[in-house]
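Read through the structure below, which is laid out as structure tokens, and then see the notes.
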Amino acid sequence: SNDDDCQRVVAEILADHGPVDVFVSNAGRSIRRSAKYQGKERFHDFQRLMNLNFFGALRMILGVLPSIVERKSGHIVHVSSFGVPTRQSRFAGYCASKSALDAALQSMAGEVAAQGVHTSTVYMPLVQTKMVQSKGHSYDHISMLMVDMACELIEHAIVTKKCEVIDGPSRFLALLYFFRPSLILALNSLLYGLESEQAPDGLAHAKSEHEMERRRTRNAQRGFSPLKALGSLLAFFSQLEMFFMRLGVVSIVRDPIIILILLLVLVVHPIVVATMAVSSTVRKSLRMIRARTGWHEDRCELDGAGTLIMEVSQPKQLGSSSSHEAVPPAASRLSYRKSCRAELQVGDAASLASKPC
């Protein structure tokens, strides 16, 4: 991240090897920590990440770029992170530094494409290296790539010269965020709550250790880990994609599958939301009915025709108000039916409670 060191290294490379054919920007640093721990004394986390992952890499790219453009041939590859398109929690600084270089390189691409210079970004999943070894954090629920598999992705970018190389699950989540940001927000929020984290030294250390131990005990007792199940599912699709990539048919197989799953989610999601909204409205309306009439229902449901069916036991005698029907006092168990479809669709609980059902 030191400017003098970067200039010296670039000068040595050009002197020893001449113009660069392929430049791979892979060096970087990662910090996995919640943003709530990175204020005040720990704001240097962001500064360190930007200095190395963005400014340091950008200095190197700008150092070799003039000779590549002059020769009108070359390829610049940036190894980014899958956390950028998937908006991973606890990686605010890391994703910010990686996405900053993504944006810079994508802007440069239009400037140098006419000179025969190619640019690529590899959105790399987690790789089994020392970089993922962190005190207080565990990646046991994630199936990570081996180093040789990560090299295959970089090699794929160099050979095909694609602008982006991204695994199938990350591409699907990125597209889903474009159409339904709330779904990705809910998913990341769920994962954030399930994963454990140890606070930095001196910040609620005992509390965070107790929380991590509590979650480990809970997962051990439960015998089933949603995180591991999700990690296994993503790993399956990643391995399947690697297989098709080696066959050279990854786009033909992967993209139609992603589109079909995406369409399915986009169709199902509004239906689920509408069903939950109607269900919530019905429950609120029934509570208001009970509060106003004093009925105690044994069974209450909405049939397929939109009719509210309620069975009541020992109903109270209602007044003679024109807005209510009197309940026969001799009845010990009654069943009343009256169409409430319009009120339920509108969701006006007050108007529904004022009508007899």
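Looking at the stretch 155-189, which of its residues are within 27 Å of residue 34 (Cβ to Cβ) and either modelled with pLDDT under 85 or charged (D, E, K, R) (or both)?
Across the stretch 155-189, the qualifying residues are 167, 169, 171, 180.
Kindly list the number of the only condition in (1) modelled with pLDDT of 60 or more; (2) under 30 Å from residue 45 (Cα atoms); (3) open to solvent by 50 Å² or more (accessible area, probe 1.4 Å) that fails for residue 199.
For residue 199, the failing item is (3).
Given the criterion more than 22 Å from residue 51 (Cα to Cα) and either buried (at least 21 other Cβ atoms within 10 Å of the Cβ) or aromatic (Phe, Trp, Tyr) (or both), identify the matching residue among 121, 86.
86
Of 67, 81, which residue is surrounded by fewer than 23 Cβ atoms within 10 Å (Cβ to Cβ) and either among the polar types (S, T, N, Q) or free of Cβ contacts under 8 Å to residues at least 60 places away in the same chain (or both)?
Selected residue: 67, the only one of 67, 81 that is surrounded by fewer than 23 Cβ atoms within 10 Å (Cβ to Cβ) and either among the polar types (S, T, N, Q) or free of Cβ contacts under 8 Å to residues at least 60 places away in the same chain (or both).
Table: residues versus (1) buried (at least 18 other Cβ atoms within 10 Å of the Cβ); (2) at pLDDT below 90.
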{"position": "3", "(1), (2)": "no, yes"}
{"position": "18", "(1), (2)": "no, yes"}
{"position": "39", "(1), (2)": "no, yes"}
{"position": "77", "(1), (2)": "yes, no"}
{"position": "90", "(1), (2)": "yes, yes"}
{"position": "97", "(1), (2)": "yes, no"}
{"position": "101", "(1), (2)": "yes, no"}
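Is it the case, given these coordinates, that residue 189 is without any contact (Cβ under 8 Å) to a residue 40 or more places away in the chain and open to solvent by 30 Å² or more (accessible area, probe 1.4 Å)?
The answer is no for residue 189.
Please enumerate the residues belonging to the stretch 1-58 that are assigned to a loop (DSSP other than H, G, I, E, B), among the hydrophobic types (A, V, I, L, M, F, W, C) and farther than 30 Å from residue 159 by Cβ.
Hits for the stretch 1-58 are 31, 43.
Looking at the stretch 239-261, is at least one residue at pLDDT 80 or above, of a type in the set (A, V, I, L, M) and either in contact with a Gly (Cβ under 8 Å, 6 or more places away or on another chain) or open to solvent by 80 Å² or more (accessible area, probe 1.4 Å) (or both)?
Yes, some residue in the stretch 239-261 is at pLDDT 80 or above, of a type in the set (A, V, I, L, M) and either in contact with a Gly (Cβ under 8 Å, 6 or more places away or on another chain) or open to solvent by 80 Å² or more (accessible area, probe 1.4 Å) (or both).
The values are calculated or read from the model by the stated rules, or taken from the named source; none is laboratory data. Computed from a predicted model, the values in this text were never measured in an experiment. Methodologically, a virtual Cβ is constructed for each residue, glycine included, from the backbone with ideal geometry; neighbour enumeration extends over all protein chains shown. Just so you know, the surface numbers come from the protein's heavy atoms only, side chains and all, with ligands and any DNA or RNA stripped out. Shrake-Rupley method; radii C 1.70, N 1.55, O 1.52, S 1.80 Å.
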